[in-house]
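Enquirer: Below is the structure I would like to discuss, written out as structure tokens.
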Amino acid sequence: MFAVLTIYVCSSLQLQVELAENEKRVNYTRDQIERLAERLRTLNYREIRGRPREGEKALGPALAVAIGVSTRYVRKILSQQRQEEAGEENRNLDPIFQKLKLLKKIESATQELVVLLESDQPTRAEQSLSKAIPTFLKTVKNSINEAKVAAKSRAIT
């Protein structure tokens with residue numbers, strides 16, 4: 001009985017600690033994260049890929065622990081900061097590239113659907129869908145080609 005009571009008290013205490021942490025958690029803005037990163041850089045923290053050597057301090061994990069977010073999120077913020085400082089634009093934010101990615105996903109999904117619809121006994125709905133897919137796929141491919149041309153012309157200018 002003492003063990004059950006101990007487990008209950010421990011789990012209750014853990015819950016209270018977690019709730020207290022959540023109450024004090026702050027959602028840092030991107031600017032605040034960048035300022036914290038600059039302060040850590042002045043303390044010899046570096047953006048290192050992989051495991052840091054002896055004596056080196058990794059910026060990403062230290063910043064993630066300090067603000068209570070994942071290292072992936074911190075790396076994303078820091079890479080956006082580097083791109084802005086270098087004057088680069090993120091290709092993934094460009095509407096033409098977003099459209100191109102989405103069209104390619106639609107094309108591959110439609111091709112997968114064609115394979116799935118080749119069953120032994122297709123229903124009427126599947127038969128009519130099978131008839132409409134080739135023209136739809138042709139339209140998607142034309143749109144992909146147009147988006148590629150637009151992306152190339154945008155990259156040149």
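The values are calculated or read from the model by the stated rules, or taken from the named source; none is laboratory data. Not measured: the values here are computed from a predicted model. We place every Cβ from the backbone using ideal geometry, glycine too, and count neighbours over all the protein chains shown. Remember, those area values only see protein heavy atoms, side chains included, never the ligands or the DNA or RNA. Shrake-Rupley method; radii C 1.70, N 1.55, O 1.52, S 1.80 Å.
Enquirer: Quick one: in segment 34-43, which of the residues that are in a helix (DSSP H, G or I) and among the aliphatic types (A, V, I, L, M) is most open to solvent (accessible area, probe 1.4 Å)?
Expert: Filtering segment 34-43 for residues that are in a helix (DSSP H, G or I) and among the aliphatic types (A, V, I, L, M), the one most open to solvent (accessible area, probe 1.4 Å) comes out as Leu36.
Enquirer: Checking the condition touching a Pro at 6+ places or on another chain (Cβ under 7 Å), over 30 Å from Ala151 (Cα atoms) and of a type in the set (S, T, N, Q), which residue from Thr29, Thr71 passes?
Expert: Being touching a Pro at 6+ places or on another chain (Cβ under 7 Å), over 30 Å from Ala151 (Cα atoms) and of a type in the set (S, T, N, Q) holds for just one of Thr29, Thr71, which is Thr71.
Enquirer: Out of curiosity, is Arg46 open to solvent by 100 Å² or more (accessible area, probe 1.4 Å) and touching a residue at least 60 places away in the same chain (Cβ under 8 Å)?
Expert: Here the answer is no, as Arg46 does not meet what is asked.
Enquirer: Out of curiosity, is Leu78 within 24 Å of Thr29 (Cβ to Cβ), among the aliphatic types (A, V, I, L, M) and at pLDDT below 85?
Expert: Taking the combined requirement at face value, the residue satisfies it.
Enquirer: Given the criteria assigned to a helix (DSSP H, G or I), open to solvent by less than 90 Å² (accessible area, probe 1.4 Å), in contact with a Leu (Cβ under 7 Å, 6 or more places away or on another chain) and at pLDDT below 85, does Ala155 qualify?
Expert: So Ala155 does not fit the description; no.
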